[in-house]
Amino acid sequence: MYKYDQYDQAMVDARVEEFRDQTRRRLEGTLAEEHFRPLRLQNGLYLQLHAYMLRVAVPYGTLNSAQMHALGDIADKYDRGYGHFTTRQNIQYNWIKLEDAPDILADLAKVEMHAIQTSGNCIRNISSDHYAGAAADELIDPRPYAELLRQWSSFHPEFLALPRKFKIAVIASETDRAAMRLHDIGIRMVKNDAGEIGCAFYVGGGMGRTPMIGPLIRDFVPLDQLITYSEACLRVYNRYGRRDNKYKARIKILVHELGADEYARQVEEEFALLLDQGIEPPLAELERIKAYFADPDFKSGLTEELDRSDPDFALWVDRNTHAHKVPGYVSATISLKPTGGIPGDASADQIRLMAALTREYSFDECRVTHAQNIVLPHVEIGRLHELWSKLEEAGLGTPNLDQIDDIIACPGLDYCSLANARSIPVAQKISERFAANGKAGELGQLKLKISGCINACGHHHAGHIGILGVDRKGKENYQLLLGGCEAEDTSLGKITGPGFDEDGIVDAVEKATDVYLSNREDGERFLDTYRRIGMDPFKEALYG
Amino acid sequence: MKILTGNDLKSGAVIWWTGRDWSIHVEDAVDVGDKADEIMGREEAARRVNVPYAIDAELDADGKVRPAHIKDRVRALGPTVRPDLTLKPAEPEALNWVI
Ligand code: SF4
């Protein structure tokens with residue numbers, strides 16, 4: 001994976017010292033909160049319901065074991081012994097003291113990490129496929145391009161004060177595991193008829209208040225024009241994005257209002273100008289970056305045989321592993337969704353254990369997924385049982401990837417100052433309900449996603465079942481959505497009707513799954529059945 | 001009644017105006033009547049509180065201060081999903097007060 005060069009390290013170290021000075025001035029009173037606030041946010045430090053919250057960037061979700069270990073240590077040393085992995089493939093700490101924040105950033109810098117681009121109206125941390133560099137179905141490893149975009153976007157002077165925040169995802173397979181079309185820019189690596197690899201650009205997707213699926217703006221941008229085209233996309237947005245209205249400021253509104261064709265035309269115009277200026281980084285820089293993402297030393301001739309005599313282990317393998325490009329290996333997902341647990345939370349000890357397992361079983365590399373789990377991308381099939389046994393012992397062996405209890409839930413009203421309702425208790429109750437009624441296993445793939453407000457950090461629009469917390473006359477209320485999907489067959493969920501209270505929403509989810517079970521045809525997922533039979537049977541069961 | 005809340009500048013801890021000082025216990029909060037702006041301006045300038053604001057509250061059946069909105073009750077106690085991290089880890093029934 002990528003290693004900082006002296007420029008990266010110097011930049012991050014300087015940033016730590018700059019923030020140390022800003023924090024000192026805030027604490028001494030020479031810097032008022034109104035001036036300090038944007039500075040702390042630029043370093044990932046929010047003020048949330050109970051304390052300061054620090055969001056740490058995990059570029060394209062990739063970590064080595066030293067980094068993961070450091071994240072565990074920070075949880076112990078500066079927080080209350082745990083961290084929360086987020087839907088942006090990052091990690092957040094909920095109980096940070098302002099006076100400690102510069103020291104935490106210094107600790108992060110020692111392992112080549114920071115909290116830059118995790119807040120504010122800039123290009124945020126780039127996200128990617130959590131199986132990148134490992135998946136059997138990928139064209140190439142998208143991460144060198146994600147890294148190139150990261151370097152281009154970090155401190156890019158022109159894009160530090162965009163109309164709104166800006167999120168980019170890069171993938172390189174037909175299967176979308178990164179909700180690519182629900183990003184401001186979604187980039188998919190593709191091969192054209194001539195056999196060349198380039199990028200398809202989808203621009204103007206997003207969730208939040210006005211969810212939209214990003215339309216295809218250009219089907220092929222040559223790899224050596226990736227940055228130039230991205231810059232053209234950003235320039236048009238930076239110039240015409242709505243700064244007058246926060247709720248209309250995301251690029252999705254601009255693309256929607258202009259129309260995808262007109263937006264694309266303006267981008268092409270800008271692109272032509274920029275091509276003349278030669279802003280694309282030299283190929284040598286891309287090659288330098290690529291070298292860091294070379295395959296690890298995979299063994300050949302490994303066994304593909306698996307002893308399935310332990311049914312619990314066999315179930316975990318069936319559900320939580322993914323096909324690898326090299327025979328004899330798989331990618332293994334560590335679920336952070338035990339029954340009744342808090343989605344995405346891991347204790348300091350669990351984080352350090354995952355760091356150790358990363359070193360021992362996965363060539364020193366792990367990934368944070370947007371579904372708030374951790375992936376060990378390169379595990380020998382022959383060592384899976386050993387790995388699983390260690391995970392089981394630490395409460396990390398839940399076999400539920402993409403099942404109804406693998407719930408995405410944002411922090412909601414338990415932690416987040418923007419929330420209308422709590423998300424986590426709803427996730428816990430649903431997970432407990434389906435563990436108790438024994439239906440979880442019957443349901444197959446069913447992605448359930450919960451947000452505590454319309455900002456949609458819990459991706460509720462993209463859940464096969466989505467739940468949105470709202471404030472109804474000072475009481476928590478939950479809307480139910482059906483039919484969303486963040487994968488390559490992207491769709492947005494539709495609201496079923498009037499909302500429910502906390503217990504009512506759990507019943508409603510169970511009723512919706514009952515409709516599926518009694519209507520499904522062979523091989524159909526919940527989503528497929530919903531798409532075939534439509535909303536009416538579900539409404540009938542819920543409100544009839 | 002109107003009470004004042006905010007966060008401690010250094011620690012970020014949730015605090016409540018007691019009439020003389022700031023406390024982490026909402027039970028200590030006092031009605032500030034129409035003096036909210038004056039107190040907040042003075043206290044924020046002295047860095048005894050960060051981002052203060054006034055909220056509605058009432059006295060519950062036991063005569064204890066209860067913020068009107070659930071968000072401030074969550075702030076007053078702590079995350080409902082981690083009773084061990086709330087101000088009253090030994091009193092699980094305190095969660096009923098929030099909801
Ligand atoms: S969706 Fe809303 S409640 Fe949930 S984390 Fe985002 S802003 Fe907070």
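The values are calculated or read from the model by the stated rules, or taken from the named source; none is laboratory data. Computed from a predicted model, the values in this text were never measured in an experiment. Glycine also receives a Cβ, built like all others from the backbone with ideal geometry; neighbour counts cover every protein chain displayed.
Being surrounded by 15 or more Cβ atoms within 10 Å (Cβ to Cβ) and among the small types (Gly, Ala, Ser): is that true of residue A:497 here?
Answer is no for this residue.
Is there any pair linking a residue in region A:411-429 that is part of a helix (DSSP H, G or I) and within 8 Å of the ligand (Cβ to nearest atom) to one that is among the polar types (S, T, N, Q) and at pLDDT 95 or above, with Cβ under 9 Å and at least six apart or on different chains, and which?
Once the first residue is part of a helix (DSSP H, G or I) and within 8 Å of the ligand (Cβ to nearest atom) and sits in region A:411-429, its partners that are among the polar types (S, T, N, Q) and at pLDDT 95 or above give A:412/A:420; A:412/A:423; A:412/A:451; A:413/A:420; A:413/A:423; A:413/B:80.
So, residue A:454, is that one among the hydrophobic types (A, V, I, L, M, F, W, C) and out of contact with any Gly (no Cβ under 7 Å at 6 or more places or on another chain) or not?
no
Look at region A:239-255 and say how many of its residues are in a helix (DSSP H, G or I) and buried (at least 18 other Cβ atoms within 10 Å of the Cβ).
Looking only at that region, the number is 6.
Please indicate, with yes or no, whether at least one residue in region A:430-453 is within 30 Å of residue B:12 (Cα to Cα), in a strand (DSSP E or B) and polar (S, T, N, Q).
Scanning region A:430-453, I find at least one residue that is within 30 Å of residue B:12 (Cα to Cα), in a strand (DSSP E or B) and polar (S, T, N, Q), so the answer is yes.
Among the residues in region A:431-444, are any within 16 Å of the ligand (Cβ to nearest atom) and buried (at least 23 other Cβ atoms within 10 Å of the Cβ)?
No, region A:431-444 contains no residue that is within 16 Å of the ligand (Cβ to nearest atom) and buried (at least 23 other Cβ atoms within 10 Å of the Cβ).
Take residue A:506 and tell me if it is more than 16 Å from the ligand (Cβ to nearest atom) and more than 26 Å from residue A:522 (Cβ to Cβ).
Yes: the conditions hold for residue A:506.
Which ones in region A:455-502 are closer than 14 Å to residue A:181 by Cα and of a type in the set (A, V, I, L, M, F, W, C)?
Selection gives A:462, A:485, A:487, A:492.
When you scan region A:3-23, how many residues do you find that are within 19 Å of residue A:66 (Cβ to Cβ) and touching a Leu at 6+ places or on another chain (Cβ under 9 Å)?
Within region A:3-23, residues that are within 19 Å of residue A:66 (Cβ to Cβ) and touching a Leu at 6+ places or on another chain (Cβ under 9 Å) number 2.
Residues of region A:1-40 being in contact (Cβ under 8 Å) with a residue 24 or more places away in the chain, surrounded by 18 or more Cβ atoms within 10 Å (Cβ to Cβ) and closer than 17 Å to residue A:97 by Cβ, which ones?
Within region A:1-40, A:16, A:19, A:23, A:26, A:40 meet the criteria.
Checking the condition within 11 Å of another protein chain (Cβ to nearest Cβ) and not hydrophobic (A, V, I, L, M, F, W, C), which residue from B:41, B:33, B:19, B:12 passes?
Only one candidate passes the filter, namely B:12.
What number of residues within region A:455-485 are crowded, with 19+ Cβ neighbours inside 10 Å and either among the aliphatic types (A, V, I, L, M) or within 15 Å of the ligand (Cβ to nearest atom) (or both)?
Residues flagged as crowded, with 19+ Cβ neighbours inside 10 Å and either among the aliphatic types (A, V, I, L, M) or within 15 Å of the ligand (Cβ to nearest atom) (or both) within region A:455-485 amount to 21.
Pairs needed: first member in region B:58-74, more than 7 Å from every other protein chain (Cβ to nearest Cβ); second member anywhere, surrounded by 11 or more Cβ atoms within 10 Å (Cβ to Cβ) and in a loop (DSSP other than H, G, I, E, B); C-beta distance under 6 Å; at least 6 residues apart or different chains.
Pairs found: B:65/B:29.
Mind checking which pairs have a first residue in region A:270-295 that is assigned to a helix (DSSP H, G or I) and a second that is exposed (fewer than 13 other Cβ atoms within 10 Å of the Cβ) and not β-branched (Val, Ile, Thr), Cβ under 7 Å, 6 or more apart or different chains?
Once the first residue is assigned to a helix (DSSP H, G or I) and sits in region A:270-295, its partners that are exposed (fewer than 13 other Cβ atoms within 10 Å of the Cβ) and not β-branched (Val, Ile, Thr) give A:292/A:3.
Listed here are the residues, each with its yes/no results for (1) more than 30 Å from residue A:377 (Cα to Cα); (2) of a type in the set (D, E, K, R); (3) part of a helix (DSSP H, G or I).
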| residue | (1), (2), (3) |
| --- | --- |
| A:181 | no, yes, yes |
| A:198 | no, no, no |
| A:219 | no, yes, no |
| A:236 | yes, no, yes |
| A:257 | yes, yes, yes |
| A:263 | yes, no, yes |
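Within region A:89-108, take every residue that is more than 14 Å from chain B (Cβ to nearest Cβ), in a helix (DSSP H, G or I) and among the hydrophobic types (A, V, I, L, M, F, W, C) and give me the one that is nearest to residue A:347 (Cα to Cα).
Among those that are more than 14 Å from chain B (Cβ to nearest Cβ), in a helix (DSSP H, G or I) and among the hydrophobic types (A, V, I, L, M, F, W, C), it is A:108.
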